[in-house]
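Read the structure below first, then the notes.
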Amino acid sequence: MRELHRRWIYLLVALALSVPLILRVSVPPARMRAADRAYDLIRDVEIAPHQIVLMAFDFGPNIKAENGSQAEVVLEHLMRRRIPVALFSLYVQAEPFLKSIPEKVASRLMAENPGEVWRYGEDWVNLGFRPGNFLVLQSLARSEDITAFFGKDAFANRLADIAAFRNAKTVKDIALLVEISGLQGMLELYLRFFRAEGYVPKVVHGCTSISIPDAYIFLDSGQLSGLLEGIAGAAWYSARLRKEYPRQEADEAQILNTSLGVAHLLIILLVIVGNVVAVRSARRGVAQA
């Protein structure tokens, strides 16, 4: 055991990660109370005919496993409730996900619910990547006509002609902000600049595991109304969706969370075995001396 080459350890970890992914195995995730708050908010939020929800995808391919899973489960919840969602990003690497994620969710929902249709322009709108960082948020918050502010969607369609945006006028018509990001300081930009006189939106945030401690500060202060903590938060949110909508199949969030859990258990086991072997070898050496 002491001479076990590290490449065998890497192989075991790779197998522990890949087998649940290949077999699409999922086990019930641990409860995440902050994700419960996000779920309850979106489940109970009332949307007037002129209101929309804004989702910001501020993540790239390197953190898609966590942020992408969070974006999928929250967007699925909103689309199940037929709440119109406007998607946009301040981060250029997120641009492909603004198109692929809602299309994936819509396809899954239509396969699950034959006869129902989720349409672009009615259920979601892709506003694309918007350069300018916090200046975009400042200008949006001050705009008297957000349809004119954005002008066109990512496919050059006039927002004034799109059903989901037809009645939205100011930032106060954005009933909820969902910000998904693992970038340092991105959440703070929204909390600081995405507000208007007499209006502070409810905010749900999805963060990577490494940035959870920073996000808890804003959750405890009340600036966040809900939080999805890494892949575990996305998996618990997905499990609650599955409980409310039993026909939902296990999605990537639950499968990825299971895969990581199996790998973590393997690492813990290897640490225990390694320490046992080390202690026994030390005792044997003392006895021989």
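Observations on the structure shown:
- Considering the conditions (1) at pLDDT 90 or above; (2) surrounded by fewer than 20 Cβ atoms within 10 Å (Cβ to Cβ); (3) outside any helix (DSSP H, G or I), Q248 is excluded by exactly one of them, (1).
- Among the candidates R31, R37, R7, R43, the residue that is farther than 24 Å from C207 by Cα and among the charged types (D, E, K, R) is uniquely R7.
- Scanning segment 178-195 for residues that are of a type outside the set (D, E, K, R) and under 13 Å from L224 (Cβ atoms) yields V178, I180, S181, L187, Y190, L191, F194.
- Any hit, segment 211-220, residues being without any contact (Cβ under 8 Å) to a residue 60 or more places away in the chain, under 22 Å from V53 (Cβ atoms) and either assigned to a helix (DSSP H, G or I) or touching a strand residue (DSSP E or B) at 6+ places or on another chain (Cβ under 8 Å) (or both): yes
Condition check ((1) under 18 Å from V125 (Cβ atoms); (2) in contact with a strand residue (DSSP E or B) (Cβ under 6 Å, 6 or more places away or on another chain); (3) modelled with pLDDT of 90 or more) across all residues:
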{"site": "F150", "(1), (2), (3)": "yes, yes, yes"}
{"site": "D153", "(1), (2), (3)": "yes, yes, yes"}
{"site": "A163", "(1), (2), (3)": "yes, no, no"}
{"site": "E179", "(1), (2), (3)": "yes, yes, yes"}
{"site": "F193", "(1), (2), (3)": "no, no, yes"}
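- Condition check for I83: under 22 Å from Y237 (Cα atoms), surrounded by fewer than 22 Cβ atoms within 10 Å (Cβ to Cβ) and in the same structural domain as Q51 (by TED's automatic domain parsing): yes
Condition check ((1) assigned by TED's automatic domain parsing to the domain that holds G206; (2) surrounded by 11 or more Cβ atoms within 10 Å (Cβ to Cβ)) across all residues:
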{"position": "R7", "(1), (2)": "no, no"}
{"position": "L17", "(1), (2)": "no, yes"}
{"position": "Y39", "(1), (2)": "yes, yes"}
{"position": "R43", "(1), (2)": "yes, yes"}
{"position": "P61", "(1), (2)": "yes, yes"}
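Conditions tested, residue by residue: (1) within 16 Å of Q254 (Cβ to Cβ); (2) part of a loop (DSSP other than H, G, I, E, B); (3) at pLDDT 95 or above; (4) not polar (S, T, N, Q).
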| site | (1), (2), (3), (4) |
| --- | --- |
| D40 | no, no, yes, yes |
| L54 | no, no, yes, yes |
| N62 | no, no, no, no |
| H77 | yes, no, yes, yes |
| A86 | no, no, yes, yes |
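- Residue pairs meeting the criteria (Cβ under 6 Å; at least 6 apart or on separate chains; first on the phi < 0 side of the Ramachandran plot and in the same structural domain as P61 (by TED's automatic domain parsing), in segment 94-116; second at pLDDT 95 or above and in a loop (DSSP other than H, G, I, E, B)): A94/F59; A106/W118; L109/W118
- Long-range neighbours under 8 Å by Cβ, at least six apart or interchain, first residue under 16 Å from S89 (Cβ atoms) and free of Cβ contacts under 8 Å to residues at least 40 places away in the same chain within segment 184-202, second surrounded by fewer than 19 Cβ atoms within 10 Å (Cβ to Cβ) and not acidic (D, E): L187/F218
- Of the numbered criteria (1) assigned by TED's automatic domain parsing to the domain that holds R119; (2) surrounded by 18 or more Cβ atoms within 10 Å (Cβ to Cβ), the one Q254 fails is (1).
- Among (1) in contact with a helix residue (DSSP H, G or I) (Cβ under 9 Å, 6 or more places away or on another chain); (2) outside any helix (DSSP H, G or I), the one test that R82 misses: (1)
The values are calculated or read from the model by the stated rules, or taken from the named source; none is laboratory data. All of these numbers come straight from a predicted model, not from anything done at the bench. Here the Cβ is made from the backbone with ideal geometry for all residues, glycine too, and neighbour counts use every protein chain on show.
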